[in-house]
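Some notes on the structure that comes next.
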Amino acid sequence: MMADALALLCAFLLVAGSAFALTAAIGINRFPDLFTRMHAASKAGTVGSSLLLLAAGLYSWDFAVFLRALAGIAFLILTAPVAAHLLARAAKGSGYRISTLSVRATHRDNKK
Amino acid sequence: MAQNILSAAIILSLGLLTLALLLTVLRVVRGPTLPDRVVALDMLVAVAIGLIAVIAVKTGFFLYIDIAIALGLVGFLATVAFARFIMSHRYRAATETAAKPPPEAVHRGNARRNRRPRRPRR
Amino acid sequence: MRRLAASLILAVVWAVVTGSAAPANLLLGLLLAILCLGVTRRHRGRGTIAVRPVALLLLGLVFLRELALSAWSVAIAVLRPRLDIRPAMVAFPLRLKRDFEIALLANCITLTPGTLSVDVSEDRRFLHVHALDCRDPQDLCRGIAETFERRIMEAFP
(Lines give C-alpha, C1' and ligand atoms only; values in the text may rest on other atoms or scores of the structure.)
Protein backbone atom coordinates (compact mmCIF):
# COMPACT_ATOMS: atom_id res chain seq x y z
CA MET A 1 0.00 0.00 0.00
CA MET A 2 2.73 2.38 1.07
CA ALA A 3 4.89 1.39 -1.89
CA ASP A 4 1.96 1.90 -4.25
CA ALA A 5 1.28 5.40 -2.94
CA LEU A 6 4.97 6.23 -3.29
CA ALA A 7 5.05 4.95 -6.86
CA LEU A 8 1.94 6.95 -7.78
CA LEU A 9 3.35 10.12 -6.19
CA CYS A 10 6.61 9.65 -8.08
CA ALA A 11 4.76 9.03 -11.32
CA PHE A 12 2.86 12.29 -10.83
CA LEU A 13 6.05 14.22 -10.00
CA LEU A 14 7.85 12.78 -13.03
CA VAL A 15 5.10 13.74 -15.46
CA ALA A 16 4.63 17.20 -13.91
CA GLY A 17 8.37 17.92 -13.91
CA SER A 18 8.91 16.87 -17.50
CA ALA A 19 5.81 18.81 -18.56
CA PHE A 20 7.31 21.94 -16.98
CA ALA A 21 10.62 21.30 -18.74
CA LEU A 22 8.82 20.90 -22.06
CA THR A 23 6.87 24.11 -21.41
CA ALA A 24 10.12 25.96 -20.79
CA ALA A 25 11.53 24.57 -24.04
CA ILE A 26 8.44 25.69 -25.97
CA GLY A 27 8.64 29.09 -24.31
CA ILE A 28 12.26 29.50 -25.27
CA ASN A 29 11.18 29.07 -28.87
CA ARG A 30 7.99 31.11 -28.82
CA PHE A 31 8.97 34.20 -26.89
CA PRO A 32 10.12 37.20 -28.92
CA ASP A 33 13.30 38.40 -27.20
CA LEU A 34 16.14 37.43 -24.90
CA PHE A 35 14.64 38.61 -21.61
CA THR A 36 11.28 36.95 -22.10
CA ARG A 37 13.07 33.73 -23.05
CA MET A 38 15.02 34.02 -19.85
CA HIS A 39 11.74 34.11 -17.92
CA ALA A 40 10.78 30.76 -19.40
CA ALA A 41 14.18 29.16 -18.87
CA SER A 42 14.82 30.37 -15.33
CA LYS A 43 11.39 29.61 -13.85
CA ALA A 44 9.74 26.71 -15.62
CA GLY A 45 13.12 25.05 -16.23
CA THR A 46 14.18 25.25 -12.58
CA VAL A 47 10.86 23.99 -11.27
CA GLY A 48 10.84 21.16 -13.79
CA SER A 49 14.29 19.84 -12.88
CA SER A 50 13.55 20.32 -9.16
CA LEU A 51 10.41 18.20 -9.38
CA LEU A 52 12.28 15.46 -11.24
CA LEU A 53 15.10 15.45 -8.65
CA LEU A 54 12.49 15.36 -5.87
CA ALA A 55 10.86 12.35 -7.52
CA ALA A 56 14.19 10.52 -7.71
CA GLY A 57 14.96 11.35 -4.06
CA LEU A 58 11.56 10.16 -2.85
CA TYR A 59 11.57 7.00 -4.92
CA SER A 60 14.90 5.86 -3.51
CA TRP A 61 13.22 5.69 -0.05
CA ASP A 62 16.62 6.30 1.49
CA PHE A 63 17.15 9.28 3.75
CA ALA A 64 20.73 9.94 2.63
CA VAL A 65 19.75 9.93 -1.04
CA PHE A 66 16.72 12.11 -0.31
CA LEU A 67 18.91 14.66 1.48
CA ARG A 68 21.28 14.69 -1.46
CA ALA A 69 18.39 15.28 -3.84
CA LEU A 70 17.24 18.16 -1.60
CA ALA A 71 20.77 19.58 -1.65
CA GLY A 72 20.69 19.38 -5.44
CA ILE A 73 17.36 21.23 -5.53
CA ALA A 74 18.64 23.91 -3.17
CA PHE A 75 21.71 24.31 -5.34
CA LEU A 76 19.59 24.61 -8.48
CA ILE A 77 17.28 27.20 -6.89
CA LEU A 78 20.26 29.22 -5.61
CA THR A 79 22.21 29.24 -8.88
CA ALA A 80 19.44 29.67 -11.46
CA PRO A 81 18.60 33.28 -10.55
CA VAL A 82 22.27 34.21 -10.24
CA ALA A 83 23.02 32.85 -13.70
CA ALA A 84 19.94 34.51 -15.21
CA HIS A 85 20.78 37.82 -13.54
CA LEU A 86 24.41 37.80 -14.70
CA LEU A 87 23.41 36.94 -18.24
CA ALA A 88 20.68 39.59 -18.34
CA ARG A 89 23.09 42.18 -17.02
CA ALA A 90 25.76 41.21 -19.54
CA ALA A 91 23.26 41.34 -22.40
CA LYS A 92 21.93 44.73 -21.26
CA GLY A 93 25.41 46.10 -20.77
CA SER A 94 26.47 45.03 -24.23
CA GLY A 95 23.61 46.87 -25.89
CA TYR A 96 21.06 44.17 -26.46
CA ARG A 97 17.75 45.97 -26.98
CA ILE A 98 14.61 44.64 -25.38
CA SER A 99 11.45 44.30 -27.39
CA THR A 100 10.22 47.60 -26.06
CA LEU A 101 6.76 48.82 -25.34
CA SER A 102 5.37 52.13 -24.20
CA VAL A 103 5.51 51.03 -20.54
CA ARG A 104 9.24 51.54 -20.53
CA ALA A 105 9.01 55.19 -21.55
CA THR A 106 7.36 56.20 -18.28
CA HIS A 107 10.40 55.07 -16.34
CA ARG A 108 13.12 56.25 -18.64
CA ASP A 109 13.71 59.33 -16.47
CA ASN A 110 14.64 57.15 -13.53
CA LYS A 111 17.56 55.60 -15.32
CA LYS A 112 20.98 56.69 -14.35
CA MET B 1 -0.85 -1.75 -10.83
CA ALA B 2 0.96 1.24 -9.37
CA GLN B 3 4.23 -0.08 -10.76
CA ASN B 4 2.66 -0.20 -14.24
CA ILE B 5 1.53 3.42 -13.90
CA LEU B 6 5.03 4.36 -12.75
CA SER B 7 6.72 2.71 -15.71
CA ALA B 8 4.25 4.35 -18.09
CA ALA B 9 4.99 7.69 -16.41
CA ILE B 10 8.73 7.08 -16.82
CA ILE B 11 8.31 6.39 -20.55
CA LEU B 12 6.07 9.43 -20.94
CA SER B 13 8.44 11.77 -19.12
CA LEU B 14 11.43 10.46 -21.06
CA GLY B 15 9.53 11.27 -24.24
CA LEU B 16 8.59 14.77 -23.05
CA LEU B 17 12.16 15.49 -21.95
CA THR B 18 13.54 14.32 -25.28
CA LEU B 19 11.16 16.69 -27.04
CA ALA B 20 12.28 19.47 -24.69
CA LEU B 21 15.94 18.76 -25.46
CA LEU B 22 15.26 18.88 -29.20
CA LEU B 23 13.35 22.18 -28.94
CA THR B 24 16.13 23.70 -26.83
CA VAL B 25 18.74 22.61 -29.37
CA LEU B 26 16.57 24.27 -32.02
CA ARG B 27 16.93 27.57 -30.14
CA VAL B 28 20.69 27.07 -29.85
CA VAL B 29 20.88 26.64 -33.61
CA ARG B 30 18.54 29.53 -34.43
CA GLY B 31 20.27 32.02 -32.17
CA PRO B 32 20.09 34.77 -33.32
CA THR B 33 22.61 36.27 -30.88
CA LEU B 34 25.15 34.84 -28.47
CA PRO B 35 23.11 35.60 -25.28
CA ASP B 36 20.14 33.73 -26.76
CA ARG B 37 22.33 30.70 -27.32
CA VAL B 38 23.74 30.88 -23.81
CA VAL B 39 20.22 30.96 -22.32
CA ALA B 40 19.37 27.92 -24.40
CA LEU B 41 22.54 26.11 -23.28
CA ASP B 42 21.72 26.87 -19.63
CA MET B 43 18.26 25.45 -20.22
CA LEU B 44 19.83 22.40 -21.91
CA VAL B 45 21.80 21.66 -18.74
CA ALA B 46 18.65 21.99 -16.61
CA VAL B 47 16.76 19.56 -18.84
CA ALA B 48 19.71 17.15 -18.78
CA ILE B 49 19.65 17.21 -14.97
CA GLY B 50 15.97 16.28 -15.11
CA LEU B 51 16.71 13.50 -17.58
CA ILE B 52 19.40 12.07 -15.32
CA ALA B 53 16.93 12.10 -12.40
CA VAL B 54 14.37 10.17 -14.48
CA ILE B 55 17.02 7.64 -15.46
CA ALA B 56 17.90 7.27 -11.77
CA VAL B 57 14.28 6.33 -11.06
CA LYS B 58 14.16 4.00 -14.09
CA THR B 59 17.31 2.06 -13.27
CA GLY B 60 17.14 2.31 -9.47
CA PHE B 61 20.77 3.40 -9.50
CA PHE B 62 20.66 6.50 -7.31
CA LEU B 63 24.29 7.44 -7.70
CA TYR B 64 22.97 9.30 -10.75
CA ILE B 65 21.74 12.05 -8.41
CA ASP B 66 25.34 12.90 -7.57
CA ILE B 67 26.09 13.10 -11.26
CA ALA B 68 23.13 15.44 -11.70
CA ILE B 69 24.45 17.73 -8.94
CA ALA B 70 27.92 17.77 -10.52
CA LEU B 71 26.41 18.57 -13.91
CA GLY B 72 24.47 21.45 -12.35
CA LEU B 73 27.70 22.83 -10.89
CA VAL B 74 29.52 22.65 -14.20
CA GLY B 75 26.57 24.16 -16.06
CA PHE B 76 26.37 27.07 -13.64
CA LEU B 77 30.09 27.79 -14.00
CA ALA B 78 29.79 27.63 -17.79
CA THR B 79 26.92 30.12 -17.78
CA VAL B 80 28.81 32.49 -15.50
CA ALA B 81 31.88 32.23 -17.72
CA PHE B 82 29.77 32.96 -20.81
CA ALA B 83 28.19 35.96 -19.09
CA ARG B 84 31.62 37.33 -18.22
CA PHE B 85 32.73 36.75 -21.78
CA ILE B 86 29.74 38.63 -23.20
CA MET B 87 30.33 41.44 -20.74
CA SER B 88 34.01 41.83 -21.57
CA HIS B 89 33.78 41.19 -25.27
CA ARG B 90 32.70 44.35 -27.00
CA TYR B 91 29.62 42.75 -28.35
CA ARG B 92 28.07 46.20 -28.74
CA ALA B 93 30.28 47.00 -31.73
CA ALA B 94 28.75 44.19 -33.75
CA THR B 95 25.13 45.10 -33.03
CA GLU B 96 25.41 48.86 -33.40
CA THR B 97 27.31 48.99 -36.66
CA ALA B 98 25.03 46.35 -38.14
CA ALA B 99 21.88 48.40 -37.75
CA LYS B 100 20.82 51.67 -36.19
CA PRO B 101 17.08 51.16 -36.08
CA PRO B 102 14.81 54.05 -37.01
CA PRO B 103 12.79 55.34 -34.02
CA GLU B 104 9.58 53.54 -34.91
CA ALA B 105 11.43 50.24 -35.21
CA VAL B 106 12.25 50.43 -31.52
CA HIS B 107 8.58 50.44 -30.70
CA ARG B 108 7.85 47.46 -32.86
CA GLY B 109 10.40 45.51 -30.86
CA ASN B 110 13.40 43.62 -32.03
CA ALA B 111 11.69 40.39 -32.98
CA ARG B 112 11.62 41.91 -36.45
CA ARG B 113 15.15 43.22 -36.21
CA ASN B 114 16.52 39.83 -35.29
CA ARG B 115 15.22 38.31 -38.48
CA ARG B 116 17.41 40.62 -40.52
CA PRO B 117 20.30 38.69 -42.05
CA ARG B 118 23.45 39.31 -40.07
CA ARG B 119 27.00 39.43 -41.18
CA PRO B 120 28.89 36.42 -39.95
CA ARG B 121 31.20 37.31 -37.08
CA ARG B 122 34.44 35.56 -36.54
CA MET C 1 32.86 31.87 17.62
CA ARG C 2 31.11 32.81 14.40
CA ARG C 3 33.79 31.04 12.39
CA LEU C 4 33.37 27.90 14.46
CA ALA C 5 29.60 27.91 13.86
CA ALA C 6 30.09 28.52 10.14
CA SER C 7 32.58 25.66 9.82
CA LEU C 8 30.28 23.30 11.72
CA ILE C 9 27.38 24.16 9.38
CA LEU C 10 29.59 23.63 6.33
CA ALA C 11 30.79 20.28 7.74
CA VAL C 12 27.16 19.14 8.15
CA VAL C 13 26.43 20.22 4.57
CA TRP C 14 29.46 18.19 3.44
CA ALA C 15 28.14 15.14 5.31
CA VAL C 16 24.73 15.58 3.67
CA VAL C 17 26.12 15.95 0.16
CA THR C 18 28.51 13.00 0.45
CA GLY C 19 25.76 10.94 2.08
CA SER C 20 27.70 9.60 5.04
CA ALA C 21 27.86 10.74 8.64
CA ALA C 22 30.87 8.63 9.64
CA PRO C 23 33.21 10.45 12.09
CA ALA C 24 36.11 10.38 9.63
CA ASN C 25 33.94 11.93 6.94
CA LEU C 26 32.70 14.63 9.34
CA LEU C 27 36.29 15.41 10.28
CA LEU C 28 37.24 15.70 6.61
CA GLY C 29 34.27 18.03 6.10
CA LEU C 30 35.36 20.16 9.06
CA LEU C 31 38.90 20.44 7.67
CA LEU C 32 37.57 21.41 4.24
CA ALA C 33 35.22 23.96 5.82
CA ILE C 34 38.07 25.60 7.73
CA LEU C 35 40.14 25.65 4.55
CA CYS C 36 37.31 27.24 2.54
CA LEU C 37 36.65 29.87 5.22
CA GLY C 38 40.35 30.67 5.34
CA VAL C 39 40.59 31.09 1.58
CA THR C 40 37.53 33.34 1.33
CA ARG C 41 38.27 35.37 4.47
CA ARG C 42 39.32 38.52 2.64
CA HIS C 43 36.14 38.59 0.53
CA ARG C 44 33.63 38.30 3.35
CA GLY C 45 32.09 41.35 4.92
CA ARG C 46 32.78 42.39 8.46
CA GLY C 47 30.30 42.79 11.25
CA THR C 48 27.43 40.66 12.40
CA ILE C 49 24.01 40.42 10.80
CA ALA C 50 21.01 40.16 13.07
CA VAL C 51 18.47 37.59 11.93
CA ARG C 52 14.92 36.91 13.02
CA PRO C 53 14.51 33.16 12.46
CA VAL C 54 10.71 33.11 12.29
CA ALA C 55 10.56 35.95 9.78
CA LEU C 56 13.29 34.26 7.75
CA LEU C 57 11.32 31.01 7.70
CA LEU C 58 8.21 32.92 6.59
CA LEU C 59 10.25 34.53 3.83
CA GLY C 60 11.35 31.07 2.67
CA LEU C 61 7.79 29.74 2.65
CA VAL C 62 6.46 32.78 0.77
CA PHE C 63 9.33 32.33 -1.67
CA LEU C 64 8.49 28.68 -2.34
CA ARG C 65 4.82 29.51 -2.87
CA GLU C 66 5.68 32.33 -5.26
CA LEU C 67 8.11 30.05 -7.12
CA ALA C 68 5.37 27.48 -7.73
CA LEU C 69 2.94 30.21 -8.79
CA SER C 70 5.50 31.75 -11.12
CA ALA C 71 6.32 28.50 -12.91
CA TRP C 72 2.60 27.96 -13.33
CA SER C 73 1.96 31.44 -14.73
CA VAL C 74 4.90 31.21 -17.14
CA ALA C 75 3.61 27.83 -18.33
CA ILE C 76 0.16 29.34 -18.91
CA ALA C 77 1.69 32.28 -20.80
CA VAL C 78 3.70 29.91 -22.98
CA LEU C 79 0.87 27.56 -23.81
CA ARG C 80 -1.76 30.19 -24.60
CA PRO C 81 -2.48 29.98 -28.33
CA ARG C 82 -2.09 33.71 -28.87
CA LEU C 83 1.08 35.12 -27.33
CA ASP C 84 -0.44 37.74 -25.05
CA ILE C 85 2.52 39.21 -23.20
CA ARG C 86 3.59 42.76 -22.58
CA PRO C 87 7.29 42.83 -21.65
CA ALA C 88 8.67 45.95 -19.99
CA MET C 89 11.76 47.21 -18.19
CA VAL C 90 10.85 48.86 -14.91
CA ALA C 91 13.11 50.74 -12.48
CA PHE C 92 12.16 49.64 -8.97
CA PRO C 93 13.10 52.16 -6.25
CA LEU C 94 14.99 50.31 -3.52
CA ARG C 95 14.46 50.93 0.16
CA LEU C 96 16.97 48.27 1.20
CA LYS C 97 20.47 49.55 1.76
CA ARG C 98 22.88 46.70 2.44
CA ASP C 99 24.36 44.76 -0.47
CA PHE C 100 23.37 41.30 0.68
CA GLU C 101 19.76 42.39 1.14
CA ILE C 102 19.68 43.76 -2.39
CA ALA C 103 21.19 40.53 -3.69
CA LEU C 104 18.58 38.50 -1.80
CA LEU C 105 15.78 40.67 -3.14
CA ALA C 106 17.14 40.34 -6.68
CA ASN C 107 17.22 36.55 -6.40
CA CYS C 108 13.69 36.45 -5.02
CA ILE C 109 12.45 38.72 -7.80
CA THR C 110 13.99 36.53 -10.47
CA LEU C 111 12.09 33.47 -9.33
CA THR C 112 8.70 35.09 -8.82
CA PRO C 113 5.81 35.60 -11.21
CA GLY C 114 6.62 37.56 -14.29
CA THR C 115 9.69 39.43 -13.08
CA LEU C 116 13.45 39.12 -13.64
CA SER C 117 16.03 41.38 -12.05
CA VAL C 118 18.51 42.74 -14.58
CA ASP C 119 20.74 45.34 -13.01
CA VAL C 120 21.36 47.57 -9.99
CA SER C 121 22.08 51.23 -10.64
CA GLU C 122 25.51 52.49 -9.55
CA ASP C 123 24.16 54.39 -6.56
CA ARG C 124 22.10 51.39 -5.33
CA ARG C 125 18.87 53.35 -5.59
CA PHE C 126 17.14 51.48 -8.38
CA LEU C 127 16.82 47.86 -9.35
CA HIS C 128 16.07 47.40 -13.03
CA VAL C 129 13.45 44.69 -13.32
CA HIS C 130 12.24 43.08 -16.50
CA ALA C 131 8.59 42.09 -16.37
CA LEU C 132 7.05 39.51 -18.65
CA ASP C 133 3.53 40.82 -18.56
CA CYS C 134 3.35 44.33 -17.19
CA ARG C 135 0.22 46.41 -17.61
CA ASP C 136 1.03 48.88 -14.85
CA PRO C 137 4.57 49.58 -13.56
CA GLN C 138 3.35 51.29 -10.36
CA ASP C 139 1.32 48.24 -9.51
CA LEU C 140 4.31 45.96 -10.09
CA CYS C 141 6.58 48.05 -7.88
CA ARG C 142 3.98 48.14 -5.13
CA GLY C 143 3.64 44.35 -5.32
CA ILE C 144 7.37 43.79 -4.87
CA ALA C 145 7.66 46.38 -2.10
CA GLU C 146 4.79 44.89 -0.12
CA THR C 147 5.73 41.22 -0.34
CA PHE C 148 9.45 40.59 -0.60
CA GLU C 149 11.02 43.88 0.38
CA ARG C 150 8.92 44.16 3.52
CA ARG C 151 9.61 40.55 4.49
CA ILE C 152 13.35 40.91 3.95
CA MET C 153 13.31 44.02 6.11
CA GLU C 154 11.51 42.06 8.82
CA ALA C 155 13.92 39.12 8.62
CA PHE C 156 17.04 41.31 8.88
CA PRO C 157 16.27 44.21 11.23
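The values are calculated or read from the model by the stated rules, or taken from the named source; none is laboratory data. Predicted model, so just to flag it, every value in this text is computed and none were measured. No Cβ is skipped: glycine too gets one built from the backbone with ideal geometry, and neighbour counts run over all protein chains shown.
Cβ-Cβ contacts under 7 Å between residues 6 or more apart (or on different chains), taken from a first residue in region C:91-115 that is facing chain A (nearest Cβ under 8 Å) to a second residue that is surrounded by fewer than 22 Cβ atoms within 10 Å (Cβ to Cβ) and among the small types (Gly, Ala, Ser), are listed as C:GLY114/C:SER73.
Where residues in region B:7-32 are facing chain A (nearest Cβ under 7 Å) and touching a residue at least 12 places away in the same chain (Cβ under 8 Å), which of them is nearest to the chain's Cα centre (by Cα)? Break it down stepwise before answering.
First, the residues of region B:7-32 that are facing chain A (nearest Cβ under 7 Å): B:9-10, B:12-13, B:16-17, B:19-20, B:23-24, B:26-27.
Cutting the leftovers down to touching a residue at least 12 places away in the same chain (Cβ under 8 Å) gives us B:10, B:13, B:17, B:20, B:24, B:27.
Values: B:ILE10: 23, B:SER13: 19, B:LEU17: 13, B:ALA20: 10, B:THR24: 5, B:ARG27: 7 Å.
Taking the candidates together, the pick is B:THR24.
Against the condition closer than 25 Å to C:ARG2 by Cβ, over 17 Å from the mean Cα position of the chain (by Cα), of a type outside the set (Val, Ile, Thr) and not in a loop (DSSP other than H, G, I, E, B), how does C:ARG42 come out, does it pass?
yes
Cβ-Cβ contacts under 6 Å between residues 6 or more apart (or on different chains), taken from a first residue in region C:4-25 that is more than 17 Å from A:VAL65 (Cβ to Cβ) to a second residue that is among the β-branched types (Val, Ile, Thr), are listed as C:SER7/C:ILE34. Among the residues of region C:116-129, those that are over 15 Å from C:SER73 (Cβ atoms) and within 8 Å of another protein chain (Cβ to nearest Cβ) comprise C:SER117, C:VAL118, C:ASP119, C:SER121, C:GLU122, C:ASP123, C:PHE126, C:HIS128.
Filtering region A:16-56 down to residues that are surrounded by fewer than 24 Cβ atoms within 10 Å (Cβ to Cβ) and over 16 Å from the mean Cα position of the chain (by Cα), which residue is modelled with the highest pLDDT? For region A:16-56, the residue satisfying everything is A:ARG30.
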